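The values are calculated or read from the model by the stated rules, or taken from the named source; none is laboratory data. Small disclaimer: the values here were computed from a predicted structure and weren't measured. Every residue, glycine among them, receives a Cβ derived from its backbone with ideal geometry; neighbour counts consider all protein chains shown. The protein model used for the area step is the full one, side chains on, heavy atoms only, and it has no ligands, DNA or RNA in it. Shrake-Rupley method; radii C 1.70, N 1.55, O 1.52, S 1.80 Å.
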Amino acid sequence: MAIYKLSRYPKTLSLSDGQTVSVRPMAAGDAAALLAFFRAIPEEERYFLKDDVASEAVIQGWAEHLDYDRALPLLAFDGDRICADAVLIRRRSGALSHAAEIRVVVAPEYRAKGLGSALLREAANVAWDAELECIHVEFVRDVQEDALNAVRLLGGIEAGVQREAVKDQQDNHHDIVYIRIPLGRWWQWSQY
């Protein structure tokens, strides 16, 4: 199994408004800044994330147990402040060893600038370099529509929908949309 190649980092990304951010893998010393980042994400958005990212214990656990070949967190920085987080999660063996899951969270004031799409491309490039075949992304319909549309523009294909799979804080049901991004020849050509 190929490992993730990280020699491209740190890397500077240009956003659509001309601003630049620096991207690099998370380090153990990033726990406090990452916690501050997640706590600044609106609670109604954090509610749908898979982990309690406002918990100091959760973030500290991530920082203390970094394993880039299992979960590669890429952090975008504006100066010393984290403005986005993307994580590439893979299984090392079994039926899903050819694929990875990507999760991306962008601070509200950095949205609609191409940062989420740029981080998704970064993570997909790392996955491609590690000889993975595809990446999977999940979205909550009617809540994460902007992100869902952005992934579709990057070539994401709807792989399925789980109807009324989650509830929001007002007890309303929402669908989960599963998107698959193939990393074969299409991904190679998309990079030109």
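A few notes on this one:
- Eligible lysines near Lys167 by straight Cα distance, threshold 23 Å, same-chain separation 8 or greater: Lys50
- Taking only protein heavy atoms and a 1.4 Å probe, the accessible area of the chain is 49% carbon and sulfur.
- Ratio Rg/Rh, restricted to the chain and using Cα atoms, in which Rh is the Kirkwood radius: 0.94
- Counted by Cβ distance under 10 Å from Arg39, the other residues give a net charge of -1, where Lys and Arg count +1 and Asp and Glu count -1.
- In the stretch 1-90, Cα pairs under 8 Å separated by at least six residues give a relative contact order of 30 percent.
- Using a cutoff of 8 angstrom between alpha carbon atoms and counting only pairs six or more residues apart, the relative contact order for the chain works out to 18 percent.
- Local electrostatic count, His174, Cβ distance below 9 Å [Lys/Arg +1, Asp/Glu -1]: -2
- Environment charge at Arg8 (Cβ cut-off 13 Å; Lys +1, Arg +1, Asp -1, Glu -1): +2
- Value at 222 nm in deg cm²/dmol, rounded to 500, when DSSP H runs of n ≥ 4 in the chain each add -39,500 (n - 2.57): -7500 deg cm²/dmol
- Summarising the amide proton neighbourhood of Cys83: residues at separation of 5 or more, or on other chains, whose placed amide H is nearer than 5 Å comprise Ala76, Phe77, Asp78.
- Across the options Leu132, Leu115, Gly79, the greatest Cα extent toward the positive end of the charge dipole of the stretch 73-192 (unit charges at beta carbon of Lys, Arg, Asp, Glu) belongs to Leu132.
- Accessible area expressed per residue, the chain, with surrounding protein chains retained (probe 1.4 Å, Å²): 53
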